[in-house]
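See below for the structure under consideration.
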Amino acid sequence: MTSENLTTNEELIQPKTRPQWGRIFVWGALAVLLAIVGLALLRNQQGPVQIGKPAPDFSLTTFEGEPISLESLSGKVVLLNFWASWCKPCEQEAADLEEAWRFYKPRGDVAFVGIDWTDTEPNAMEYLAKFDITYPNGPDLGTRISQAYRTTGVPETYIIDKQGNLRYIKISPFLSIQEIYNIIDPLLTNP
């Protein structure tokens, strides 16, 4: 055998290296998936939004088709109430929330916004009619708003001061209209 034949035979024995795109794709997809899971776990460990910090902005289209955002309510005390038509504890506070809204509405410096969470529009509209709720309400499409506020269920209420900072979180129904007044009134007298 000549040396030329050895070289040729050695080349045949050694496999040619080429990129294995399938493996690269699988490892890349796995890395992206792990990053998403890691971010979700980090978000869950952060807990609820913090009192004294800026409230997360939100955009909502009401059932009447009107757009509302936290930015558009700047300079007002905002009561943001998460509810659902199927939620029995939500019914306990519905009349008090409406009565408080009617009390504060003429002032012009308080806004109530209802966020309908994981509900159907017909059921939500029936609920609003049943309790004669007149403050703006709309669906939390894709649960974007509840995710931003890191809600844990309904009812939950977030009260935001005139500067846009979260001042109070209520994770249960209000027990009386006086409880609502006791939270909002100090925010109207103290800048």
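Nothing in this text is a laboratory measurement; each read-out follows from the coordinates by a stated rule. All values derive from a computational prediction rather than experimental measurement. Here the Cβ positions follow ideal geometry from the backbone for every residue, glycine too, while neighbour counts run over all protein chains shown.
For region 62-105, run through the GluC sites (Glu not before Pro) and keep only the ones in DSSP coil with at most 10 other Cβ atoms within 10 Å of their Cβ.
64
Determine the percent antiparallel among the DSSP beta bridges restricted to region 59-189, to the nearest 5.
Here the antiparallel bridges make up roughly 55 percent for region 59-189.
Calculate, in nm to one decimal, what residue 178 and residue 163 gain on full extension: separation in residues at 0.36 nm each, minus their alpha carbon distance.
Answer, rounded to one decimal: 3.0 nm.
Straight distance only, please: which lysines reach the Cα of residue 170 with their own Cα at less than 18 Å, same-chain residues fewer than 8 apart left out?
Hits, sequence-local ones excluded: 53, 88.
Please arrange 151, 120 by counting, for each residue, the other beta carbons lying within 10 Å of its beta carbon, fewest first.
Fewest-to-most Cβ neighbours within 10 Å comes out as 120, 151.
Can you pull the one-decimal nm distance between simple spin-label points at residue 99 and residue 57, each 7 Å off the Cα toward Cβ?
Rounded to a tenth, the inter-label distance reads 3.7 nm.
Would you please give the residues with an amide H less than 5 Å from that of residue 118, counting only those at least 5 places away or on a separate chain, with H modeled from the backbone geometry?
Long-range HN contacts for residue 118: 140.
Would region 149-191 count as rounded, prolate or oblate if I go by the C-alpha gyration tensor, calling it rounded below 1.5 in a/c and otherwise prolate when a/b exceeds b/c, oblate otherwise?
Oblate.
Pull out a ≥ b ≥ c, the square roots of the eigenvalues of the alpha-carbon gyration tensor of region 59-189, then state rounded if a/c is under 1.5, prolate if not and a/b is larger than b/c, and oblate in the remaining case.
Because its axes are fairly even, with a/c under 1.5, region 59-189 counts as rounded.
Can you put 140, 185 in order, fewest other beta carbons within 10 Å first?
Exposure proxy ranking, most exposed first: 185, 140.
Listing 161, 132 from the residue with the fewest other Cβ atoms within 10 Å to the one with the most, what is the order?
If I rank by nearby Cβ atoms, fewest first, I get 132, 161.
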